[in-house]
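Bear in mind that the values in this text are calculations on the coordinates, not laboratory data. Not measured: the values here are computed from a predicted model. Glycine also receives a Cβ, built like all others from the backbone with ideal geometry; neighbour counts cover every protein chain displayed.
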Amino acid sequence: MKLQTQKKLVPILCFISLLLGLSMQQVMAQSTITGKVTDTSTGEPIPFASVVIKGTTIGVNTDENGMYSIPMLANETTLRFSSVGYENREEEINGRTIINVALKIAAETLEEVVVTGYGNFRKSTYTGAATVVSMKKLHDSPVVSATKMLESHVPGLSLLAGSGQAGATSTLRIRGQGSVNASSAPLIVLDGVPILNVNFSSDGNVSSVGMDAMSAINPNDIESITVLKDATSTSLYGARGSNGVILITTKKGGEGKTNFSFRANTSIDNFAVDYRPTMGGEERRELIYEGFLNYYTDVKNLSEADARVEADKLIDNYAKVPEGGYSDWRDAVLKKGHTSNLDLSINGGNKNTKFSASLGYSNNKGVSLSSAFKRYTGRMNMNHIFKKFDFNMMFMFSYADTRLIPEDTYYAGAIYPIVANLTPSQPIYNADGSYAVGFPTNGGYNPLHEDANTIAYSKVGRLIGNVGVGYKIIEPVHISSTLNVEYNNVREFRFWNPNSNDGRTKNGVGQLYTPNYMQLTSKTTMSYQQNFGKHQLNGSVTFEARDYEYNYSYSRKENYGYWGNPAQSNATEPVSISGYTDIDRAMSWIGVMNYNYNNRFYLSGTFNSNSSSRLSSESRWGNFWSLSGSWQMANESFMKPLSHWLTSMRLKASYGSNGNLPDGWYAYHSLFAASGQYGSYPSLYENTLGNNKLTWEKGIVTNIGIDVTFLRRINLEVDFYQRDTKDLLIQRSLFRATGFSSVWDNIGHIRNSGIEVTVNSVNIDKKDFRWTSNLNIYHNKNKIIKLNTDGSPIYDGRMIRAEGEAWSTFYVREFAGVDVDNGDPLYYSNEEIIDQQTGKISRSREIVSGAANATPIAYKNAEPTIRGGLTNTFTYKFIDLSFHLSFHLGGHTLDNRWELMDDGYTPNSNKSIELRKRWKKPGDVTDVPKYVAYSEKGGWYTTSYKVHSTNHLRLKNLTIGLRAPDKWLKVVGISSARIYFSGQNLLTWTGFKLYDPELWGSHGVSIPPLKSYSFGIDISF
Amino acid sequence: MKKIIILLCIITALLFTACSDFLDTLPPTSISSEVAIENLDDAESVIHGIYNDMQSSAYYGHELIIYGDIRADDIQTYNENNGWYNFYVFNHKRGPGYDLWATPMRISRNASRIIEAIDNGKITDGTDTERNNVKGHAIALRALAHFDQARIYGYPYAKDQGKLWGAIIIDHVLEANELPVRNTVEESFTFITQELERAIPLMSDQKHPYNTLNSYGARALLARVYLYWDKNDKAYEIAGTLIEELKSSSYRLFTRDEYLEAFAYNSEGTNFNPESLLEIFNTPSDNPARNSLGFNYQTAGYYSYCVTKDFHDLIRTDPDDIRNGMVKVATVAQNERPFLIKYPGSADNVAAFDNNYPLIRLSEVYLIAAEAAIKSSNASLKTKGLEYLNAIVQRANPNKSVSNAEYTLDRVLEERRKELVGEGHRFFDLLRNGKKFQRTGGYHLPNATGFDISWDYDFSILGVPYNEFILNPMMKQLGQQNPGYTYE
């Protein structure tokens, strides 16, 4: 069957290439240096090797036969040769016009290669929009999750709010929010196979933080990360590529001497920002007292003397002076974190067999309570060539043991209680030194007491294995088959002993979640590659099937006789046991074709026919495609006059479609839940209304880009894109009389458009001193074109999703400052006025006091208009220094912990230091209203007073390294050694200082990003 | 070499051919709606599904019961840090969202599923009597759901004689796009009573181990509905007949000696048995956990609610009243307060999640009869009415009784307060009898003290969630938001 397909394929591909070839004109090349690049050990040509003129960013690549030609200026003296898996080599020209070089296999690779999983491309020939990040640049940072390292290195990629706890999830978005209820998270592909990127935690308390699947992967095993952004790249992945794809390529072995390398670093971690500073005991007491005084005089109309009598009676209920003095909860609950990483890797191989292996260990002690993260990883890559066969395998394991402290609004968490509920008036300890409990707030919980009486861990064992075999059938046709197995076993245990608040009732509670995640992916590809003179053609057809099972299991036991050992077997009362299996399956056919004419014109086409078990049999197949091309203009004769400053210029364009699936795996079914119970009686309850017509969400992506090199040193890459998502999967709200809140439907249309700019430059390149810069800036504009059948907006917390507005627009009453005379907050009425004649809608701008008299409006967008990063790297002799800055402009957050900054509504909670600016007497000009107990005039968080700009500039990383001189190394027999100091999130410049400005949307409480000082050493033998 | 090519081809071919049903998956813990109710067991499982929904903290497991207490003068929040504080101070703008609005309609849908399955002959096993019993049970639960929506979102009948908006009548399984509108309070009560009267003859009088609704319970509920509807003669007739009839059954009032034990913690959960006509049954493994009403009352739990000084003083006026045992003074977080121990933990310092909640007790039926008799224009009912009242009064303290001269509506309401405190009645008692919500001094939080609100105050009922008017514009056109509330 496959053979037949192949026979048919060849003539079709030939025909298409012929057509394309005829339509193009041949253009004379410049006078150049030419030559051949070969492998030192085999003498065989190295195709696609990179040849760069030293001191510039201009370069070419060798062809199939290892041949290259490159135009040079008179003052340029040296060529730099490199290729994946080979050591770099520099060659002085010395008047030669033909330079043949042989490259030695290297342990570590450097070349930027776009690995799509359906063919590998050098960046310079790739027609789509992609950014490749070599992990070399990022290795010095002590972050444990590779995806978290990418922030501000990739234009178009944004990291949304996440906790600063090690092992916690972060939310990634590529080119904006494209879906509503379908997933908006990018697909993560490891060595060509999509891997799971889910929150591994089943336990509600920990899910509030999220256990990141990506943190199971050791960043040191990663060679490079490629971020695919446009349809050319993403349509290959059909269903799951619509939100962009993050491709992770692990390190591969090379030919030659076996190479050992060792890395170690250690860091001290602390909050990067002074997080939500609150008032100390006495200051807070004064504020609350003032609130009651104002309440009894203003609201209850008492005389000041009488009001004082009342306030005196009340104050101790809300802001008592504890016997042992005021408490410092932050000091008690928070501490300095500590991280250390150790890695050992080995690379080597010969002509036919190459391998790479590693072991890694990470240990992190978190900044709050007992939070901790420990990880062991191992990896082995091997490939082997035997006659016409090629074999490859990758095996990776990791074992992570995480203690995540609940965030969100959990009383037994760390950050929420100490920021919001536990005031300095509540004692931490009893007189006898034991933990105090039973407070009027925070449910009576003392997080320190709970932490001491809880045993909680989440252990994840992750195994990923790939085995592939390929065979060259006849010269241009290759067939390969890969099987990937991913198995994740999670064991989450929570034990509340009988002293803890949660365990007391039941004399100890032990809960165990042991879900596992099993994914099988099989991929069979037939590929074809041939050159016809100046025409190069390659293509492939792939069939892929995926079977994913989620096996949930949970048990709970209570009443522990002996709880020194909290094993569930030691408890007497089995309370709950449950388990089930969820299945998600998909199949797809993928066709790819690439054409290259004389390294000047490139054309690519892809086709993907995809089906999923998440849709009903009548609507489950979706067809997606893309077309893209690029044109290297600089080589054309009419560009010659510009050649003294314009070194290279490449235009590229792509257009295509992709799809997305509902988050729910069974969204089309109408269902009665059978899992409920009423006491010992089983129950059935209709809880889902289905929609048999539910189908794919469709994305249409256009990308136009230009890649220019000026003056041989400055490379500028600009991409414009428009990404439309249509037939949005939305849980359409239902009138509640139906018995349901929503039903899945395909409604709506969201558009993301934007521009991404990358500038790479070699500023100075002298013998001993080199300075390079990288700047990336991007802008994304999100707009909801259509949302609901009736055009009505969706309200989501304090956000409004309305047609014509951006997805992340706040919905609040507009604050108009504070009345100078009486301290009342003022608002713009913003009442809708419809002009009877024209039908135009405007809004009244009357200033009113009292939030109830003002209408909420769509107000400011959370998404920054401009984001970016700037890296500068300096190398002087054996010293290297680099710093990385990141910035946001035009974004906003909404402060969701209103009680910290209310105008008196909740006298029980902590109070933000912002309230120092409150109005106190007539004539005070301020933005913070008068503080009156129980007052609601501030309208709490429903006003724009709580919306803050996130403009900021942050020094994300600063690294200083010292490399040992070669002379010394030769003596001890080490090939390289380097020590470095690296600082993470060292400085932040921002206007709004109460929490982290990198956050998005509504912010409650979470551990902010950490400031880390780390010290490390790298040695290779 | 060739072998491998062939092998690859076989693998590929296998993948293609083995896939005809590869993509058909079914949810792991659910059943497709079309085949869910096909026999009597299924139908009974749906009945238990309805109770499971009623048991949740969003309904009788917490919210609906506390709603009937926290807004009146018996129970208050311990401090301001509580989700129900806004209800306590009549500030509903940040209420419980959809819980109380949508749960009754979800119950109605599932009940309608059972009724339609039986009416359409989908259930073929069992006898007529068995099928009728399940059907009657479903009709009665649907009526209860409508009653709850009518009394929370509709003004009491006394306001405009029931012409204002009440419940949305849902008497069948709605399609996704069906948009019924609100009916008046009058129409709601008519529907509820007709449905209960239709259900009662279908239902069995057997006691369910969890005290779910049987024909006696449905009759007690019907008496309660008539009392709310201000049809006192009807209410008296049903309650009185039921009391007399039950005298020769296993149902009876607790004795004075049993009283405290009846409300004590019992993990078996059958303490209310002789009196219980309807209750929410929680077990150690099936309960609303920390969100349960009990846990929120318990001093070893969240101590969200305590008893007002007003109520504490009332019950203390007679130290021999057995119901003094429902209140216990405790010091929590430096404050001394009286707490209700009707839903206690298993010990003073050990909280519990699995208390049962009585929804209709025989005592209430006595008090319904007593109240209906005094309100009735028919003076001849009063003798018997007083007898019923005294049954409750003397059970609490055999040395006390109410004389004919003392027998007034206020005296009955006072007795209801003492007897039914914490069971979700007081607020509705004041509301339907046109009384005021008054709070003075005591431990009332500063922002709630000095309350003096008339029963027909706009915010004494809840507003319909705004979004419903967007989804059902006809409701907006008919002006079906409650007075004082806005449409957005």
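Here are the numbers for this structure:
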{"read-out": "Cα convex hull of the stretch A:801-924 - mean projected area over all directions, nm²", "value": "14.0 nm²"}
{"read-out": "log₁₀ of I(q)/I(0) at q = 0.04, 0.08, 0.10 Å⁻¹ - chain A, Debye sum with one point per alpha carbon", "value": "-0.23, -0.90, -1.36"}
{"read-out": "Spin-label model distance (nm) - A:VAL925 vs A:ASN88, 7 Å beyond Cα toward Cβ", "value": "5.8 nm"}
{"read-out": "Gyration tensor (Cα) of chain B, equivalent ellipsoid semi-axes in angstrom", "value": "42, 27, 25"}
{"read-out": "Relative contact order computed over the stretch A:31-106 (Cα-Cα under 8 Å; 6+ residues apart), in percent", "value": "37 percent"}
{"read-out": "Unsatisfied cross-links (Cα-Cα over 23 Å) in the set A:LYS300/A:LYS937; A:LYS783/A:LYS937; A:LYS257/A:LYS374", "value": "A:LYS783/A:LYS937; A:LYS257/A:LYS374"}
{"read-out": "Between the stretch A:947-1011 and the stretch A:550-625, the alpha-carbon center distance in angstrom", "value": "34 Å"}
{"read-out": "Efficiency of FRET from Cβ geometry, A:TYR429 and B:THR124, R₀ 56 Å, rounded to 0.05", "value": "0.25"}
{"read-out": "Partners for A:LYS251 among lysines (Cα-Cα distance below 16 Å; same-chain residues under 8 apart left out)", "value": "A:LYS136, A:LYS137, A:LYS354"}
{"read-out": "Cut-off 13 Å between beta-carbons: net charge of the residues surrounding A:ASP663, Lys and Arg +1, Asp and Glu -1", "value": "-1"}
{"read-out": "Neighbour net charge for A:SER675 - beta-carbon separation under 14 angstrom, K R +1, D E -1", "value": "-4"}
{"read-out": "Coarse-grained scattering of the stretch B:80-162 at q = 0.15, 0.23 Å⁻¹, given as base-10 log I(q)/I(0) from a Debye sum over alpha-carbon atoms", "value": "-0.71, -1.06"}
{"read-out": "Percentage, to the nearest whole number, of Cα pairs in the stretch A:870-1018 over 29 Å apart", "value": "43 percent"}
{"read-out": "In Hz, Karplus ³J(HN,Hα) per residue of the stretch B:181-195 (6.51, -1.76, 1.60; θ = phi - 60°; x = Gly, Pro)", "value": "10, 5, 9, 6, 4, 4, 4, 4, 5, 4, 4, 4, 5, 4, 5"}
{"read-out": "Reciprocal of mean inverse Cα separation for the stretch A:313-428 (Kirkwood radius, Å)", "value": "18.7 Å"}
{"read-out": "For the protein assembly as shown, size of Cβ-based charge dipole, Lys and Arg +1, Asp and Glu -1, in debye", "value": "5900 debye"}
{"read-out": "D_trans [Stokes-Einstein, Kirkwood Rh over alpha-carbon pairs] for the stretch B:190-300, 10 °C, 1.306 mPa s, µm² s⁻¹", "value": "100 µm²/s"}
{"read-out": "For the stretch A:368-407, the Rg and Dmax computed from alpha carbons only, in angstrom", "value": "18.7, 59"}
{"read-out": "Alpha-carbon centroid distance for the pair the stretch B:290-335 / the stretch A:316-378, whole angstrom", "value": "46 Å"}
{"read-out": "Two-site FRET efficiency, B:TYR466 against A:LYS534, from Cβ-Cβ distance with R₀ of 60 Å, rounded to 0.05", "value": "0.35"}
{"read-out": "Beta bridge orientation in the protein assembly as shown: antiparallel %, DSSP, nearest 5", "value": "95 percent"}
{"read-out": "Calculated FRET value between A:LYS766 and A:TRP625, using beta carbons and R₀ = 51 Å, to 0.05", "value": "0.55"}
{"read-out": "Segment A:LYS917-A:ASP966, length gained on full extension (0.36 nm per residue, minus Cα span)", "value": "11.6 nm"}
{"read-out": "Chain A, relative contact order [Cα under 8 Å, separation at least 6], %", "value": "11 percent"}
{"read-out": "Reciprocal of mean inverse Cα separation for the stretch A:31-106 (Kirkwood radius, Å)", "value": "12.1 Å"}
{"read-out": "The stretch A:744-842: proportion of alpha-carbon pairs further apart than 23 angstrom, %", "value": "60 percent"}
{"read-out": "For B:LEU278, distant residues with modelled amide H under 5 Å away", "value": "B:LEU359, B:ILE360"}
{"read-out": "5 angstrom amide H check on A:ILE785, placed H, neighbours 5+ away", "value": "A:HIS749, A:ILE750, A:ARG751, A:GLY804"}
{"read-out": "3J(HN,Hα) from dihedral phi, the stretch B:127-134, Karplus parametrisation 6.51/-1.76/1.60, rounded to Hz, x for glycine, proline", "value": "8, 4, 4, 5, 5, 4, 4, 5"}
{"read-out": "Within-13-Å neighbourhood charge of A:THR581 [Cβ basis; K, R +1; D, E -1]", "value": "-3"}
{"read-out": "Subset of A:LYS313/B:LYS309; A:LYS54/A:LYS104; A:LYS229/A:LYS956 violating a 22 Å alpha-carbon distance limit", "value": "A:LYS229/A:LYS956"}
{"read-out": "Span-like helix ranges in chain A, DSSP H, alpha carbon extent 27 angstrom or more, Kyte mean at least -0.5", "value": "A:2-22"}
{"read-out": "Residues of type lysines that B:LYS476 reaches as a straight line, Cα spacing below 25 Å, ignoring anything fewer than 8 places off in the same chain", "value": "A:LYS786, A:LYS840, B:LYS93, B:LYS159, B:LYS163"}
{"read-out": "Fewest-first sequence of A:LEU344, B:LEU389 by Cβ atoms within 10 Å of each Cβ", "value": "A:LEU344, B:LEU389"}
{"read-out": "Vicinal HN-Hα couplings computed from phi for the stretch A:440-449 (Karplus, 6.51 cos²θ - 1.76 cosθ + 1.60; Hz; Gly/Pro x)", "value": "x, 10, 6, x, x, 7, 9, x, 5, 5"}
{"read-out": "Nonlocal amide H pairs with B:GLY345, under 5 Å, H built at 1.01 Å", "value": "B:ALA352"}
{"read-out": "The protein assembly as shown - mean residue ellipticity at 222 nm from DSSP helices (-39,500 (n - 2.57) per run, n ≥ 4, rounded to 500)", "value": "-6000 deg cm²/dmol"}
{"read-out": "The stretch B:27-49 versus the stretch B:129-207: alpha-carbon centroid distance in Å", "value": "23 Å"}
{"read-out": "Kirkwood Rh in Å, taken over all unlike Cα pairs in the stretch A:172-323", "value": "21.9 Å"}
